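Remarks on the structure that follows.
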Amino acid sequence: MDLRTVLNTLDAEIVSRQADLQQEITSGGAADLMSDVLAFARPDSLLLTGLVNPQVVRTAEMAGIRAIVFVRGKRPPAETIHLAEEIGLPLFSTRYTMYEACGRLYAAGLPGHGLCHLYDQTTA
Amino acid sequence: MSARSTLEVTRLQELIYDLKIKEIMQCDVITVTPQTPMQEFKELLRLKRISGTPVVEGDRLVGIISLEDLIKALERGEMNAQVGDKMTRTVKTLYADESVVQAVNQMARLGFGRFPIVNRSGQLVGILTRGDIIRGLLRRLQLNYQEVESQHYRTSHLFEEIVSDQTSLVLRYRVQAGDFSRGGTASSHIKRAIERLGGKPPLARRVAVAAYESEMNLIIHTDQGGEMVVEIQPDQVHIVVTDTGPGIPDIEQAMRPGFSTAPEWIREMGFGAGMGLINIKNCADEMKLESAVGAGTHLEIWFRFSPPTSLTGEKKEEDLL
C-alpha cells in the first residue's frame, strides 16, 4: 500500500514538511510502547501511535519503519517534526482513534505482522 | 572529466530516459465536465490549489481548462458561462508509457504547463505537471545517489585497501544521563555508519535496535551516563556499553521480560516496559552483561558474519537483504 492510500483511508493530514506519497509500506503496526515497537515491528512498515515525543521518530528510524501516523488528532511538538524532517520520515495525523485507524487500514488491505512471539532476530 | 564521472553522467541520463510518465504522474486527477459553471471551476482551483484541469464527458477527454481561461472569462464578465464554452478543445495528451523526456520536450515546445495522460485505449489515467517532473527526477536522482554512495563506501574498499593483521574501525559515543530528548543520536550515527560501510539493511537494523536500547538504558538508568564503543571489523560488529553506576542488583531479574525500574515519566514516554535487555539479546548473536552495585554495568554485544565475505557477506540470510 502506498502512503497516499494511507492518507486517504485515514482522512489524515501530513504533519512533516515533505512526504513522498508514492512510498510503499508492506505492513502496519500500532503501539504506545516503544520497546514493543523495537521488538515486534517489521522493516518497511507503518507505525500508528498516540505518543508524539521525538523518541517515537528515533524508534521508527532504528526499526526501519517508513512512516508514522499519530492517532486521535494528536499533533507532535516541533522537535519531533524537526527530527523526522532531518531523517526524511513522513508524519501523518488522523482524527480517528487507534482502534478505528487500524481497522480502516486493515480493511483497506494493509496486513499486520501476524502472530508474534519474542523471536530471535538473528535467525528469523 | 574523468572516465568515472563520464560514466556516472551517462548513467544518470539513462535513468532519466528510463523514467516513464506513469511512474511520476498524479493518478487521482481532478476533472470538470463541460457543464461545470466557471464560478464552480474557480472555487475548485482555489480549494485544491491547482491551476487547471482536464474536462471529461464520461471517460472521454473533451478538453482542458486553465487559470488563463478563467482570467479571460473574468475580464469579460463571463463567469456565468460553462467550462465547455471556455475550454481549449484540442488537447495535447501524452501516453502513460512514454518517457518523461518526451514530456519535457513537449512542454518546452508547446509551452504547456500540464498534460493529461492517457493509456493506449485513450482513457484518462493521470495528469503530469512541471512540479511532478521535478519531484520525480529528484527522487530518481536521490535513489541513484544513494546507490552510488553505498557503493563508494563499501567495507571491502576500506578493509581491503588498508592492510593489517586485524583491521577495525572504532566509534566512540558519550551518552549523558537524563538527556531523553537527544536519546538515539549515537545509535542513529551507528546505524548510518554500518549502512555506509555496506552492511545490509537487516544487519544495520539489528545493530541499530540493540544500540538504541543500550543508549536509552544509559539515559534512563545511570547516574552519570556512560560510553558506547563500537568496533567494526570485516567479520563482526562489537559494541561495549559501560557506565559507572548505580549497577544492577539482580541481573537475572533485570533480564526477565516486563521487569523494570524505570520511573513513571519514562513510562509515559513509551519506554521502561522491561523489554530492553531482551530486545538487545534477541538482536545480537552474543551478549554478555556484568554489573556490580556501586561500580557500574558493563554490557558487551556481538554481531557476527563470516569472513571473507565481510559486512556485505552471506552467512546470515537475514543480513543479506
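The values are calculated or read from the model by the stated rules, or taken from the named source; none is laboratory data. Worth saying up front: this structure is predicted, and the values here are computed from it rather than measured. Because the Cβ atoms are built from the backbone with ideal geometry, glycine has one as well, and the counts that use them run over all protein chains shown.
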Is it true that some residue in the stretch A:72-93 is over 12 Å from the mean Cα position of the chain (by Cα), more than 10 Å from every other protein chain (Cβ to nearest Cβ), acidic (Asp, Glu) and surrounded by fewer than 20 Cβ atoms within 10 Å (Cβ to Cβ)?
yes
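Quick one: would you say B:Val209 is within 14 Å of chain A (Cβ to nearest Cβ), modelled with pLDDT of 90 or more and farther than 25 Å from B:Gln166 by Cα? If you could, list the steps in order and put the result at the bottom.
On the way: within 14 Å of chain A (Cβ to nearest Cβ): yes; modelled with pLDDT of 90 or more: yes; farther than 25 Å from B:Gln166 by Cα: yes.
So B:Val209 passes the test.
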Any chance B:Glu286 is more than 30 Å from A:Thr49 (Cα to Cα), modelled with pLDDT of 90 or more and away from chain A (no Cβ under 12 Å)
no
